[in-house]
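Presented below is the structure to which this report refers.
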Amino acid sequence: MAERGSFGRLGFILAAVGSAIGLGNIWKFPYITYANDGGSFVLVYLIAILLIGAPIMFAELAIGRRTQLSAVPAFLTLGKGGPGGRVWGLVGGVGVAAGFVLLSYYAVIAGWTVYYFGRCLAWSLRGYDLEGPELGQLFGSFLADGSSQVTFQLIFMALTVGTVLLGVKQGIERVTRTLMPVLFLIMVIMVISSFWSPGFPEAIRFLFTPTEITPDGLLEAVGHSFFTLSLGMGAMITYGSYVSKQQSLPRSGLLICLLDTVIALMACVIMFSIIFSVPEAERATTFSKSATILFTTLPRMFYELPFGSILAPLFYLLVSFAALTSTISLLEVAVAYVIDSFGWARRKAAVVVGLGVAALGVPAALSLGASQALSSWAPLGPHAAGVFGVFDYTVSNWFLPVGGLLTAIFAGWVLKPEIFRSELEEGHGPFRLFLLTRLLLRFVAPVAILWILWAVIGGRSFA
Ligand code: PHE
């Protein structure tokens, strides 16, 4: 078998935090929070992270480190002899498939961030053209331009493959160690600069004052906690398999949850301070509660801020860094599986899997207006239109929650408690929250997730 890599202590934390922090934090969380009227949505999300996300995070890290294997063989090894036996390997398989599909369209959005970085750089150097095309139109024609979509998607895939093929230490750890501190720094600078924005107090009030919350909002908050923590598809199992036995999994797991949450809240503060600086009457027309706010309204707002021409490109650079440290973890799930299970060399695995994902991403990239047929393809009904929409709907509403549900059931009911406990205590010492963790995995997480799936079957989409 090809040699497996391993992470250094800080390297692991940064890589896992890098996986968790991504477009989910900076693009998706602010817009779904805005669409759900802040306050209570944020509170439910925080509770979901604590009661469902954190225990599943512990479970995934423990499954990975115990077996030192990637998702499929890890479930196969630990499931052997227990209820379900080898069928549990399928859970890993669902994860690998989820990562494959998720990466194919995630790289398309990640590509946009690179494009907007370039755009803002040009605006900053040449001056923002207020008379130029309106940003919504600019974005629309960018989406409809197939060659740009594919080019930026492929650029992003190339960066991802290039990192993963260099290996766990030389590639993943080195890149995340370099990018994550820069990301934190840019984030802090931007939050500090938002203190002076007239919208800042209102942004804080919006985020932390309880409001009405709809059942859909509840579901969306719980579903997003999986997406944002990279759970339910084997990413944390795979990264866990590279962690040394001296490192504490509960402490690392909590730190990952904490930093992910802090960054998501910081992203909201930054964005909402800008949004709430616009007078209320104008806001309703300027900011549709849409997914594309990051690309259609924000760039121009930056240029109205002090130091905007520095902040704008810096911000999109930050978003692309965040996306890259997530895409490498998505690719690694499938690459590690091929290495572990078929004995392929890492380079070959990274290139072949990467090409497969990139190929699948092409129809997704062309389904945003470039190709009429691909854009209107809706086999699952009108709530998921176009290849991109179908992929996102399937992964967010099905793969991740089902993966998370099965992982919780596996860790709570199948995995021997002695094994689970000893893995969590290895490198940590007595883990006082073990019983609570197990209780959450056995009852709370499955019930909550089944409830989400029930709602999805009932026709709600929270993609
Ligand atoms: N957590 C990442 C984000 O918030 C997305 C992701 C999901 C990455 C699953 C890896 C695995 O953007």
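Please treat every number below as a calculation from the coordinates, not as lab data. Since the model is a prediction, treat every value here as computed from it, not as a measurement. Every residue, glycine among them, receives a Cβ derived from its backbone with ideal geometry; neighbour counts consider all protein chains shown.
Could you give the angle, 0 to 90 degrees to the nearest 10, between helix 400-409's Cα long axis and the longest principal axis of the Cα atoms of the chain? So the helix axis and the longest Cα principal axis differ by about 30 degrees. Going by neighbour counts of Cβ atoms within 10 Å, the residues Ser422, Ser309, Ser376 line up, fewest first, as Ser376, Ser422, Ser309. Look at the dipole of the chain built from charges on Cβ: of His428, Val362, Leu10, the Cα furthest out on the positive end belongs to His428. Positive end of the dipole of the chain (Cβ unit charges, origin at the Cα centre): among Ser225, Leu298, Ser241, the Cα lying farthest that way belongs to Ser241. Over the stretch 1-126, the ratio between the Cα radius of gyration and 2.2 N^0.38 Å evaluates to 1.38.
Residues Glu220, Glu425, ranked from the fewest to the most other C-beta atoms within 10 Å, line up as Glu425, Glu220. With a Förster radius of 35 Å applied to the C-beta separation of Arg86 and Lys348, the computed FRET efficiency comes to 0.80.
Taking the Cβ of Ser244 as the center, what net charge do the other residues with Cβ under 11 Å away carry, scoring Lys and Arg +1 and Asp and Glu -1? Summing Lys/Arg as +1 and Asp/Glu as -1 gives +2.
Exposure proxy shown here: for Leu103, Leu46, the number of other Cβ atoms within 10 Å sets the order, fewest to most, as Leu46, Leu103. For the pair the stretch 1-35 and the stretch 294-329, the centres of their Cα atoms are 18 angstrom apart.
Once the Cα atoms are used to define both axes, helix 135-144 deviates from the longest principal axis of the chain by about 50 degrees. So for the chain, considering every pair of alpha-carbon atoms, how many percent are separated by more than 34 Å? The share of Cα pairs beyond 34 Å in the chain comes to 30 percent.
Under the convention that each Lys and Arg Cβ holds +1 and each Asp and Glu Cβ holds -1, the size of the dipole of the stretch 165-292 around its Cα centre is about 680 debye.
Dipole magnitude for the stretch 9-457: computed about the Cα centre from +1 point charges on Lys and Arg Cβ and -1 point charges on Asp and Glu Cβ, it is near 1560 debye.
Between the Cα long axis of helix 54-67 and the first principal axis of the chain there is an angle of about 50°, rounded to the nearest 10. The charge dipole of the stretch 357-463, taken about its Cα centre with unit charges on the Cβ of Lys, Arg, Asp and Glu (plus for the first two, minus for the last two), comes to roughly 260 debye. Within the set of other residues whose C-beta is less than 10 Å from the C-beta of Gly8, count the net charge using Lys and Arg as +1 and Asp and Glu as -1. Residues near Gly8 contribute +2 overall. Shape analysis of the stretch 113-250 places it in the oblate category; the axes a ≥ b ≥ c from the Cα gyration tensor give an a/c of at least 1.5, with a/b not above b/c.
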